[in-house]
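Q: There's a structure below that I have some questions on.
The values are calculated or read from the model by the stated rules, or taken from the named source; none is laboratory data. Bear in mind the structure is a predicted one, so any value in this text is a computation, not a measurement. All Cβ positions, even for glycine, are placed from backbone atoms using ideal geometry, and neighbour counts span all protein chains on display. Heads up: the accessible areas ignore ligands, DNA and RNA and are worked out on the full protein's heavy atoms, side chains in. Shrake-Rupley method; radii C 1.70, N 1.55, O 1.52, S 1.80 Å.
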Amino acid sequence: MLTCWVVMPTCLPTVLRRCRACPSGRLRPNGKFRVNAHHKLIDAWLLALCTTCGETARITVLERTHVRSVRPGLLDRLHANDPDLAAELLHDPVVRRRNRLALDWAGAWRLDTDDADHLDHEVADVTVRFAAPIPVRPARLIADGCALSRGEVVRLAEEGKLVSAVRLDRRTSVGFTFTLKR
């Protein structure tokens, strides 16, 4: 039986970067932008709040960029505080490198399985896809989706009853398949 699972984001991930006002290292993006124009130059920031003190931090999106070089659609999305744009920018490696930040996906995703019928079958072929590049260990996804403990997943893999082309103990954010024999 072929089953398809999807790893879906439920909210924006926590940003791991030090707050300027307190010793906290976690910021929660709220999906709002600040745009500032200086004659023909424009700056844009994604705003994030410190999880401890509530201080607003800025994540640079555009810095002293000529207005004509910014796509009109992007400018409209910045002014409209588009939450999808905030998610796109947090996934952008250029924005993450420029701002020296990392993402923490704990509690910001869920695993959507077709149904629980795959638990009753002798052999289950499962395809896992990612709706966003969320780094998760395949062993955790298999344990959550099949209602097993992670130790049981490791034991099944050692016995040859769980077969996958990816390593189960390393984080991945690309789709994979596995076969589970009961």
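Q: Given the options Arg68, Arg20, Arg34, name the one that is open to solvent by 70 Å² or more (accessible area, probe 1.4 Å) and in contact with a strand residue (DSSP E or B) (Cβ under 6 Å, 6 or more places away or on another chain). It would help to see each step written out before you state the result.
A: Working: Arg68 fails: in contact with a strand residue (DSSP E or B) (Cβ under 6 Å, 6 or more places away or on another chain); Arg20 fails: in contact with a strand residue (DSSP E or B) (Cβ under 6 Å, 6 or more places away or on another chain).
Just a single option satisfies the conditions, and that option is Arg34.
Q: For Val136, indicate whether it is out of contact with any helix residue (DSSP H, G or I) (no Cβ under 6 Å at 6 or more places or on another chain), within 17 Å of Trp109 (Cβ to Cβ) and among the β-branched types (Val, Ile, Thr).
A: Values: out of contact with any helix residue (DSSP H, G or I) (no Cβ under 6 Å at 6 or more places or on another chain): yes; within 17 Å of Trp109 (Cβ to Cβ): yes; among the β-branched types (Val, Ile, Thr): yes.
Taking the combined requirement at face value, the residue satisfies it.
Q: Which one of Leu74, Leu89, Leu46, Leu12 is outside any strand (DSSP E or B), in contact (Cβ under 8 Å) with a residue 40 or more places away in the chain, over 30 Å from Thr177 (Cβ atoms) and among the aliphatic types (A, V, I, L, M)?
A: Values: Leu74 fails: in contact (Cβ under 8 Å) with a residue 40 or more places away in the chain; Leu46 fails: outside any strand (DSSP E or B); Leu12 fails: over 30 Å from Thr177 (Cβ atoms).
Being outside any strand (DSSP E or B), in contact (Cβ under 8 Å) with a residue 40 or more places away in the chain, over 30 Å from Thr177 (Cβ atoms) and among the aliphatic types (A, V, I, L, M) holds for just one of Leu74, Leu89, Leu46, Leu12, which is Leu89.
Q: Can you name the number of the only condition in (1) modelled with pLDDT of 95 or more; (2) open to solvent by less than 50 Å² (accessible area, probe 1.4 Å) that His118 fails?
A: For His118, the failing item is (1).
Q: Restricting attention to region 121-134, report how many residues are at pLDDT 90 or above and open to solvent by less than 50 Å² (accessible area, probe 1.4 Å). Quick ask: steps written out before the conclusion?
A: Of region 121-134, the ones at pLDDT 90 or above are 125-134.
Restricting the remaining residues to those that are open to solvent by less than 50 Å² (accessible area, probe 1.4 Å) gives 126-128, 130, 132, 134.
Here the count works out to 6.
Q: Within region 71-115, take every residue that is open to solvent by less than 50 Å² (accessible area, probe 1.4 Å) and over 21 Å from the mean Cα position of the chain (by Cα) and give me the one that is farthest from Ala165 (Cα to Cα).
A: The qualifying residue farthest from Ala165 (Cα to Cα) is Leu75.
Q: Quick test for you: out of Val128, Val163, pick the one residue that is without any contact (Cβ under 8 Å) to a residue 24 or more places away in the chain and either among the β-branched types (Val, Ile, Thr) or touching a helix residue (DSSP H, G or I) at 6+ places or on another chain (Cβ under 7 Å) (or both). Please lay out each step first, then the result.
A: Numbers: Val128 fails: without any contact (Cβ under 8 Å) to a residue 24 or more places away in the chain.
Testing whether each residue is without any contact (Cβ under 8 Å) to a residue 24 or more places away in the chain and either among the β-branched types (Val, Ile, Thr) or touching a helix residue (DSSP H, G or I) at 6+ places or on another chain (Cβ under 7 Å) (or both) leaves just Val163.
Q: Just give me the residues in region 149-164 being surrounded by fewer than 18 Cβ atoms within 10 Å (Cβ to Cβ), among the hydrophobic types (A, V, I, L, M, F, W, C) and either more than 19 Å from Thr3 (Cα to Cα) or out of contact with any Phe, Trp or Tyr (no Cβ under 7 Å at 6 or more places or on another chain) (or both), in sequence order.
A: Restricting attention to region 149-164, the residues satisfying the condition of being surrounded by fewer than 18 Cβ atoms within 10 Å (Cβ to Cβ) are 149-152, 154-155, 158-161, 163-164.
So of that shortlist, the ones also among the hydrophobic types (A, V, I, L, M, F, W, C) come out as 154, 163.
Residue satisfying the conditions is Val154 alone.
Q: Further question: Those residues that are out of contact with any His (no Cβ under 6 Å at 6 or more places or on another chain) and either surrounded by fewer than 13 Cβ atoms within 10 Å (Cβ to Cβ) or of a type in the set (Phe, Trp, Tyr) (or both), I need them from region 1-15; list them, please.
A: Leu2, Trp5, Thr10
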